[in-house]
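Below: the structure, in structure tokens.
Just so it is clear, none of the values below were taken in a lab; they were calculated from the coordinates. Bear in mind the structure is a predicted one, so any value in this text is a computation, not a measurement. Glycine gets a Cβ as well: all are built from the backbone with ideal geometry, and neighbour counts include every protein chain shown.
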Amino acid sequence: MPEVVLAVDIGGTKTAAALADRDDVLLATLVAPSRAAESPDAVVETVRGLAERLLDAEDVASGMRTTLAGVGIGTAGVVDATTGVIVSSTDTFANWPGTRVAERVRAALADRLADGAPVAVQNDVDAHAAGEFAHGAAAGASSALVVAVGTGIGSGVIIDGRPVRGAHHVGGELAHVPIRGAEHLGCPCGRAGHLEAIGGGIGLHQHYLSLGGDRTVTDTRGVAGAAASGDAVAAQAIADSAAAVGRTLAGAAALIDPERIVITGGVPQIGDAWWQPMLSAYRAEAIDALQNTPILPGALGDDAPLRGAAASAWRK
Ligand SMILES: [Zn+2]
């Protein structure tokens, strides 16, 4: 039987789990509701349930009892990756801060873990970055900045092959960088004028409304649709939001000089109306040495966090 690890991606609504081989290739994937609003017990039980279903199927296929060489977990929230403990999270999760995820998953899967098998836990965006770094758009690079532009903004930095965690477990996090042109918008952190307040999907929609946009348009998808139908305010909102991301990337590049920048998430899927102003803003701000830093779309889609989680399990 091949050696396998369990890779897990715990989100606010869904948890995905997969068995992965030595090259972090996902062999089988299952998804279930996270039950984050119930309790940490419910989330751990979701992980255990998915793992058992995957392992039972593998047992049948291989004709022997499958053991795990390790577990890699990416989870929403700020994570102390050294201890596998949740530092803080949004209130989508009930009582998630303080949860000893590594310890609890180890206990829940004790009879399936090989001797000395590691349980590696990190933030989900860091897992996503690890996946793109190992196998996706940043494969082969020695450093990368990976930014997910979805409803909010998440990012991870890898330098010389190692993730930047920081002294307070939020290293590489661009969401709360102060950004010109976002002063009128509130950020989920309670302050105003941060990148996420204009650059994330919710921020883009809020900015559209602040410019006098159509109030019957209720989300980012609606703003994109309005722009495609000739709504000039919607086009402006998208351009401003994308430019805020591009300016922040230029600032981040000046600090860390990544070999590649990788952009993932739903908002960039708006297309040229987003990418063109984002790239223009980057080029307007980046110093000469950073003008040609490749800025690439992510290559792995939804598999990125699972493949990154698998990589962390093998490496730990
Ligand atoms: Zn903020």
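Structural remarks
- Each of 49, 223, 79 was scored by the projection of its Cα onto the charge dipole of the chain, and the greatest displacement toward the positive side belongs to 79; charges sit on the C-beta of Lys, Arg, Asp and Glu.
- Selected from 265, 225, 70 as most flexible by GNM, with the chain as the system and alpha-carbon contacts under 10 Å: 225
- In segment 139-298, Cα pairs under 8 Å separated by at least six residues give a relative contact order of 23 percent.
- DSSP-defined antiparallel bridges as percent of all bridges, the chain, nearest 5: 55 percent
- Dipole magnitude for the chain: computed about the Cα centre from +1 point charges on Lys and Arg Cβ and -1 point charges on Asp and Glu Cβ, it is near 300 debye.
- Cβ-based exposure ranking for 210, 143, in which fewest neighbours within 10 Å come first: 210, 143
- Legend: ranking of residues 79, 146, 157, 85 from fewest to most surrounding C-beta atoms inside 10 Å; resulting order 85, 157, 79, 146.
- Point-charge dipole on Cβ atoms (K/R +1, D/E -1) for segment 188-261, about Cα centre, debye to 20: 100 debye
- Given charges at beta-carbon only (K, R positive; D, E negative), |dipole| of segment 111-192 in Debye: 240 debye
- Residues 64, 278, arranged from fewest to most other Cβ atoms within 10 angstrom of their Cβ, appear as 64, 278.
- Our note on the geometry: Cα centres of segment 127-150 and segment 45-99, 22 Å apart.
- For segment 160-316, with +1 on Lys and Arg beta carbons and -1 on Asp and Glu, the positive-most of 269, 194, 182 along the dipole: 194
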